[in-house]
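This report refers to the structure that appears directly beneath it.
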Amino acid sequence: MKKKNIITDEEKQNSFKLNNMENEFQLFIDSLEGIDEYRLPQRAYHIIRLAIRDLILPPGKAILEREMSDILQMSRTPVREALVRLEIEGVVRLIPRRGFIVDPIEKEDLKNIYEIIETLDGLAIENATMKVDDTEIDYLESIIKKQEEELEKRNLKGWSILDDLFHSSIIGYAKNKRLSAVIDSYSDQSYRARLFTINQRPIPLRSIVEHKAIVSCMRTKDGTASRMVMQSHRRRAQREILTAMDRIDKNENID
């Protein structure tokens, strides 16, 4: 007589969670443009990095290496290479013979990141202001208009994506590849924190006003004013995010 395999409730729940994660991940991967052009290690790196950035893999999430290999439909070798690179960048923490944990968002670390971003964004926009043309400024204004439309619909995720596009466009207009590379190494962390706290912060109407002020300074070619407004904008955002983090921590402790 054959012995029946008994599946426990916990195993059923874990299987359900894994299937849900696979479905969500597949939808996320399908939304990424040009990802198939990368070699497997680079593809795994970009997918996992962006999944962490967009909270598909939230802070503190533990994932088995073999599960990630199954989801990405790759062998474990390129996944391992991607995770090692992400660990070096301080995004994940490896657990020997198991997998990794997505690093939590730490307040002190976030303060340090925003101090760096504030300084580098100031430098980037000052350079961009002197190089940008009317077409590029018009594009920035079109982003702001779309942001306003997303806020009217209360689509905070859509607003966040456009917010990231606004700032990354300005950095690109500075036409300094080395500066862009340094800023990029921190921008994922700040974006993740903005997305993580967005429902605990005020509706970002002030951000729209500040974006308009930034573009106005750029249009008049006032690099010094552009830097000042940008840095003030980043400082205000930092204060809101840190306050929201306190609120989230408080709610978690209550729970």
For the stretch 160-255, what does the equivalent ellipsoid look like in terms of its semi-axes, each the square root of 5 times an eigenvalue of the Cα gyration tensor, given largest first in whole Å?
28, 16, 10
So what is the diffusion coefficient of the chain in µm² per second by Stokes-Einstein at 25 °C and 0.890 mPa s, using a Kirkwood Rh over Cα pairs?
122 µm²/s
How many times 2.2 N^0.38 Å is the alpha carbon radius of gyration of the stretch 56-109?
1.12
Identify the trypsin sites (Lys or Arg not before Pro) of the stretch 26-88 meeting these criteria: DSSP loop state and at most 11 other C-beta atoms within 10 Å of the C-beta.
39
What is the spread of the Cα atoms of the stretch 92-187 along each of their three principal axes, largest first, in whole Å?
54, 36, 24
With +1 assigned to the C-beta of every Lys and Arg and -1 to the C-beta of every Asp and Glu, and no other charges, what is the dipole magnitude of the stretch 190-255 about the Cα centre in debye, to the nearest 20?
400 debye
Please give the helix 9-30 orientation as an angle from the longest Cα principal axis of the chain, in degrees from 0 to 90, rounded to the nearest 10.
40 degrees
List the residues, sorted by chain then number, that are 5 or more residues from residue 100 or on another chain and whose placed amide H is less than 5 Å from its amide H.
63, 65, 95
With at most 14 other Cβ atoms within 10 Å, longest stretch of the chain clear of loop GluC sites (Glu not before Pro) (DSSP):
107-255
Positive minus negative residues near residue 175 (Lys, Arg vs Asp, Glu; Cβ under 13 Å):
0
Taking the full set of protein chains and a 1.4 angstrom probe, give the accessible area of residue 250 in square angstrom, rounded to the nearest 10.
130 Å²
Return the distance in nm (one decimal) between the two label points of a simple spin-label model at residue 38 and residue 250, each offset 7 Å from Cα along Cα→Cβ.
3.9 nm
Return the subset of 131/175; 146/212; 111/212; 153/250; 145/212; 131/221 for which the Cα-Cα distance in this structure is over 19 Å, preserving the input order.
111/212; 153/250
For the stretch 212-255, how big is Rg over Rh, using alpha carbon atoms and the Kirkwood form of Rh?
1.33
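The values are calculated or read from the model by the stated rules, or taken from the named source; none is laboratory data. Since this is a predicted model, take the numbers as computed values, not measurements. Backbone-built Cβ (ideal geometry, glycine too); neighbour counts: all protein chains shown. Surface areas here come from the heavy atoms of the whole protein model, side chains and all, with no ligands, DNA or RNA. Shrake-Rupley method; radii C 1.70, N 1.55, O 1.52, S 1.80 Å.
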